[in-house]
Structure formats: structure tokens, C-alpha cells
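K.L.:
Here it is, the structure in full.
The values are calculated or read from the model by the stated rules, or taken from the named source; none is laboratory data. Remember, predicted model here, so these are calculated numbers, not experimental data. Neighbour counts run over all protein chains shown; Cβ positions are idealised from the backbone, glycine included. In case anyone asks, the SASA skips ligands and DNA or RNA and just uses the protein heavy atoms, side chains included. Shrake-Rupley method; radii C 1.70, N 1.55, O 1.52, S 1.80 Å.
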Amino acid sequence: MILVDSSVWIDYFRGKARPHTDTLDGLLGSEPLAIGDLILTEVLQGFGSEREFNQARNLLTSLEVVELGGKLVAIQAARNFRRLRSLGITVRKTIDTVIATRCIVSDYTLLHNDRDFDAFEAHLGLRCLRGDGAIEEELERLELPIRIETRARPTRSGRRTAAGSGRAEGAGS
């Protein structure tokens, strides 16, 4: 399961073409994705119009919604924070510690664009999808099954693209 962080979703909904949003675009509809309950809150609170809020809510709640916290994760997150601090690393946001810990405990892979997760990957075993656009190699590196479909699917802009091509049909050259 791949859990997608708000750092990716926010750029995705803003229409930013970045490696991590391109990776997300390639994974939607072809890989099992999850969103954390608190990530869902972070993303949805940023929408100004009711229409955009409802469109995003419909997409995001079609994914598996994972409870990020709970007693055991909260305690382990505190341990992880303390471990990193003992190595001279201070994580800027508690929520990132909780997200990373949930992924470690539940064996999820994290797709993100937030440097706070780097320490969890380097020192605590967090598995991350780098979002460098090379989806197949990343999934193979993480030993996840490759199920990238080649059928056309809607993109963020509503245009259709062949999955994995990264190019919207009808887009100018």
C-alpha cells in the first residue's frame, strides 16, 4: 500500500507538474493508494469553493482512509522522535512523525515531497517512493507489483492521457 502525503496532494490539486505529482498521476487507478485521516483534513481544509472541496473529497475518500494515530502509534512516534533527536535530528512537525511511524508500523510506502521524512527513511526504515518520474523502477526497487495500465485516464486538467506517457492527448508540443 502506498500512503500519499499532503505535500503531494496539495501540489497535485494546484496543478503543479512536478516529479512527485507525475508519480501520483501515474499511480491513480493502477496501484492501491491510501490517505491518512489527518492528511485528508490537511488537504480538504485548503479548498475555497464548495465545488472544489466536494470534487476533492470524492476522489480522496475513494482511497483507503487510514487512521494515522492511536495509542500504539502515538507511543512509537514519540520513541521515533526521541531516537532522531538523539542523532541530532529534529523533525519540524509532529504530524510528520506520526505519518512516518504509521507507515513504518503498517509497512506502507510513503509518497511525499517533504524533507522531514528523509531522516525516517535513513535511520528508521521508512520506505519512500521518491517521485522522480521513474515509476516502474521505483515500484521494482520497493518490490511492489507493477500494474501500470495503458488505457487513457483523466488527468488533473481533465484531459485524457495514456497511462505512463505523462503527456495529455491533444496537448501542444
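K.L.:
Is it the case that some residue within segment 6-21 is in contact with a strand residue (DSSP E or B) (Cβ under 7 Å, 6 or more places away or on another chain) and either modelled with pLDDT of 95 or more or over 18 Å from residue 122 (Cβ atoms) (or both)?
P.N.:
Yes, there is a match, as at least one residue in segment 6-21 is in contact with a strand residue (DSSP E or B) (Cβ under 7 Å, 6 or more places away or on another chain) and either modelled with pLDDT of 95 or more or over 18 Å from residue 122 (Cβ atoms) (or both).
K.L.:
Within segment 11-25, restricting attention to residues that are open to solvent by less than 60 Å² (accessible area, probe 1.4 Å) and under 12 Å from the mean Cα position of the chain (by Cα), which residue is nearest to residue 65 (Cα to Cα)?
P.N.:
24
K.L.:
Another one. Output the number of the condition that residue 47 fails; it satisfies all remaining conditions of (1) out of contact with any Leu (no Cβ under 9 Å at 6 or more places or on another chain); (2) aromatic (Phe, Trp, Tyr); (3) open to solvent by 60 Å² or more (accessible area, probe 1.4 Å).
P.N.:
If we test residue 47 against (1) out of contact with any Leu (no Cβ under 9 Å at 6 or more places or on another chain); (2) aromatic (Phe, Trp, Tyr); (3) open to solvent by 60 Å² or more (accessible area, probe 1.4 Å), just (3) comes out false.
K.L.:
While we're looking at this one, here's another question. Counting only residues that are free of Cβ contacts under 8 Å to residues at least 40 places away in the same chain, of a type outside the set (A, V, I, L, M, F, W, C) and farther than 19 Å from residue 98 by Cβ, how many does segment 22-51 have?
P.N.:
Number satisfying all stated conditions: 6.
K.L.:
Residue 70 versus (1) open to solvent by less than 70 Å² (accessible area, probe 1.4 Å); (2) small (Gly, Ala, Ser); (3) closer than 16 Å to residue 10 by Cβ: which is the lone unmet condition?
P.N.:
Failed condition: (3).
K.L.:
Taking interchain pairs and intrachain pairs at least six residues apart, which have beta carbon atoms under 8 angstrom, with the first residue in segment 111-128 and open to solvent by 40 Å² or more (accessible area, probe 1.4 Å) and the second assigned to a loop (DSSP other than H, G, I, E, B)?
P.N.:
These pairs meet every condition: 113/5; 113/18; 113/131; 123/87; 123/89; 127/107; 127/108; 127/142.
K.L.:
Could I ask something else about it? Only residues that are modelled with pLDDT of 95 or more and in a helix (DSSP H, G or I): list them for segment 119-136, please.
P.N.:
Hits for segment 119-136 are 119, 120, 121, 122, 123, 124.
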